[in-house]
Amino acid sequence: MSKKDKAEKKVRKNNLVDQSFYDDYKDSIPADQIWDFQVEGLQKPWINKPMPNARAKKAAVVVILVIAISIAIFFSFWILHSDPFKYTPQEDGGTELTRFSNPGDLLELRIDSVVTDIRTEVTVEQNENGESVRHTEYTLTRDEAQPITAIREYAFNCDEKIQVIEIGKGVASIANKAFYSCYALREIRVDDDNPNYCSVDGVLFNKDMTELICYPIDRDAYLREKYGYEGQYWPSENWKNDETVDKYNEYYTKEYEDRVNTYAVPSTVKEIGPLAFNYSELFRLYLPEGLEKLGTLAVFRNWHIERVDTYTGALGADGLPAPENIKPSLPDSLTYIGSDCFNSAIEMDYMYIPANVTYIGHHAFWGAARKEKGELTGLYEIHAALDEADFKAQVDAGDQWTGEYDNGLFPKRVGVVYGEARRTEP
């Protein structure tokens, strides 16, 4: 076989026509055969002729398309309607809620027994602007023979819809990280007959109120509704850096701040649990003298918090301490400050480590100091009651617990002023 024949055979084999092969044929194709001319070695074109087994082939294509569409619809339906509840049986005969995945816009959830079915009903209404607003109602069917006795950590991880959670009377164990980063959570309620937990104005405690477990991230929304401030929000997203905004203008009064952005931990509390106040929108937090432990990430990323002070005595009718009973910074009774406890508390300007503290976790005050336009702000220094030798001998301090801030080209560690007396004014 000649080289030309081999080349032509290779072209025919691959059903391709290169330029030289085309040139050999283009001048020999009669004009009246341009659409149905048969090239040697190739199948004759099927122009205006029925394809062999055309009906069978069309039917096969239709069947394949129907199957593909059905599979797509099935998986779409499965993804949207797969069980949002994951449970794990417990040795005591109860059930642990392991994972909750919001099926859409479920805003309130009672946790008491296993949910076996969830139905939705969608309605559309016109709002005052003439816009269509979609509402979804959820109906949950439960099996009361399967009580929920535990809620695992991260069970509600980063849920952005749920606003109210009700804890049933049979729940005996709630992990500290159960409601981690539930940004829309406004209120936690507990059945009065629950022997292990209670809630006060939406905040979750153990039954004897010696531990604060969870301060809902969006509790300020609940308080705005409670006190009639639904329409009041911060005048500016970055109001702290906006010199044209008066913090105490008619839309942002002192009364508003006291009611919505201030919280006094009850005097019975000895421990504030891990992540208890994570991401909350507090400006001031009052801790009781008698508090012993601030857990890991307890006040994590409270970007706007300005003061964390101690109070003695009883709280007033407004839930706040009397001014004469307040002293700056942490309680003398405190012994434990968890890792990342005050991480990113950039608005705080004073921190005092009492003499009884024996443990400070790593990065406890990381990111709480900064330097902008040559000016130091935040916790660029920390005061400690003990002198340096006693502090280092007594306190088990984690890595980089004081944090650092930018100082020109190089970061600078936050300094500690040892042997200092507590300030007398908040």
- Message: Given (1) closer than 30 Å to PRO323 by Cβ; (2) assigned to a strand (DSSP E or B), identify the lone condition not met by GLU420.
- Response: (2)
- Task: Mind counting the residues in region 159-175 that are of a type outside the set (Gly, Ala, Ser), crowded, with 17+ Cβ neighbours inside 10 Å and at pLDDT 95 or above?
- Result: 7
- Query: From the set of residues in region 321-354 that are charged (D, E, K, R) and under 29 Å from the mean Cα position of the chain (by Cα), which is nearest to THR262 (Cα to Cα)?
  - Reply: GLU347
- Item | Criterion (in a loop (DSSP other than H, G, I, E, B), in contact (Cβ under 8 Å) with a residue 40 or more places away in the chain and not polar (S, T, N, Q)) met by exactly one of TYR286, TYR279 | TYR279
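Across region 289-310, which residue is nearest to GLY367 (Cα to Cα) among those that are assigned to a strand (DSSP E or B) and not aliphatic (A, V, I, L, M)?
Start the filter on region 289-310 by keeping residues that are assigned to a strand (DSSP E or B), which leaves 293-294, 307-310.
From what's left, not aliphatic (A, V, I, L, M): 293, 307, 309-310.
Values: LYS293: 21, ARG307: 16, ASP309: 20, THR310: 23 Å.
The qualifying residue nearest to GLY367 (Cα to Cα) is ARG307.
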- From (1) touching a residue at least 40 places away in the same chain (Cβ under 8 Å); (2) touching a Ser or Thr at 6+ places or on another chain (Cβ under 9 Å); (3) surrounded by 22 or more Cβ atoms within 10 Å (Cβ to Cβ), pick out the condition that doesn't hold for ARG301. (3)
- Starting from residues that are touching a residue at least 60 places away in the same chain (Cβ under 8 Å) and charged (D, E, K, R), keep the ones in region 202-217 and report whichever is surrounded by the most Cβ atoms within 10 Å (Cβ to Cβ). GLU211
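For PHE342, are the conditions met, namely being assigned to a helix (DSSP H, G or I), of a type in the set (A, V, I, L, M, F, W, C) and either out of contact with any Phe, Trp or Tyr (no Cβ under 8 Å at 6 or more places or on another chain) or modelled with pLDDT of 95 or more (or both)? If you could, list the steps in order and put the result at the bottom.
Values: assigned to a helix (DSSP H, G or I): no; of a type in the set (A, V, I, L, M, F, W, C): yes; either out of contact with any Phe, Trp or Tyr (no Cβ under 8 Å at 6 or more places or on another chain) or modelled with pLDDT of 95 or more (or both): yes.
When the stated conditions are applied, PHE342 does not pass them.
Going by the structure shown, is ALA172 of a type in the set (Gly, Ala, Ser) and over 18 Å from the mean Cα position of the chain (by Cα)? Before you say what the answer is, go through the steps one by one.
Values: of a type in the set (Gly, Ala, Ser): yes; over 18 Å from the mean Cα position of the chain (by Cα): yes.
For ALA172, the condition - of a type in the set (Gly, Ala, Ser) and over 18 Å from the mean Cα position of the chain (by Cα) - is met.
Being within 18 Å of ILE213 (Cα to Cα) and in a loop (DSSP other than H, G, I, E, B) narrows it down to one of LEU315, LEU334, so name that one.
Details: LEU315 fails: within 18 Å of ILE213 (Cα to Cα).
So the residue among LEU315, LEU334 that is within 18 Å of ILE213 (Cα to Cα) and in a loop (DSSP other than H, G, I, E, B) is LEU334.
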- Query: For PRO266, are the conditions met, namely being buried (at least 19 other Cβ atoms within 10 Å of the Cβ), more than 24 Å from GLY361 (Cα to Cα), out of contact with any helix residue (DSSP H, G or I) (no Cβ under 9 Å at 6 or more places or on another chain) and at pLDDT 95 or above?
  - Reply: no
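Just name the residue that is modelled with the lowest pLDDT out of those in region 403-426 that are among the acidic types (Asp, Glu) and within 33 Å of the chain's Cα centre (by Cα). Spell out the reasoning first.
Taking region 403-426 first, the residues among the acidic types (Asp, Glu) are 404, 406, 420, 425.
Now restrict to residues that are within 33 Å of the chain's Cα centre (by Cα): 404, 406.
Working: GLU404: 90, ASP406: 82.
Filtering first and then ranking leaves ASP406.
Take region 367-402 and flag every residue that is in a loop (DSSP other than H, G, I, E, B), of a type outside the set (D, E, K, R) and at pLDDT 90 or above.
So in region 367-402, the residues in a loop (DSSP other than H, G, I, E, B) come out as 367-368, 373-374, 379-380, 385-387, 395, 398-402.
Subsequent filtering for residues that are of a type outside the set (D, E, K, R) retains 367-368, 374, 379-380, 385-386, 395, 398, 400-402.
Those that are in a loop (DSSP other than H, G, I, E, B), of a type outside the set (D, E, K, R) and at pLDDT 90 or above: GLY367, ALA368, LEU379, TYR380, ALA385, LEU386, VAL395, GLY398, GLN400, TRP401, THR402.
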- Before we move on, is GLN394 more than 26 Å from ARG301 (Cα to Cα) and surrounded by fewer than 16 Cβ atoms within 10 Å (Cβ to Cβ)? yes
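The values are calculated or read from the model by the stated rules, or taken from the named source; none is laboratory data. From a predicted model like this one, the values you see are computed outputs, not experimental measurements. Because the Cβ atoms are built from the backbone with ideal geometry, glycine has one as well, and the counts that use them run over all protein chains shown.
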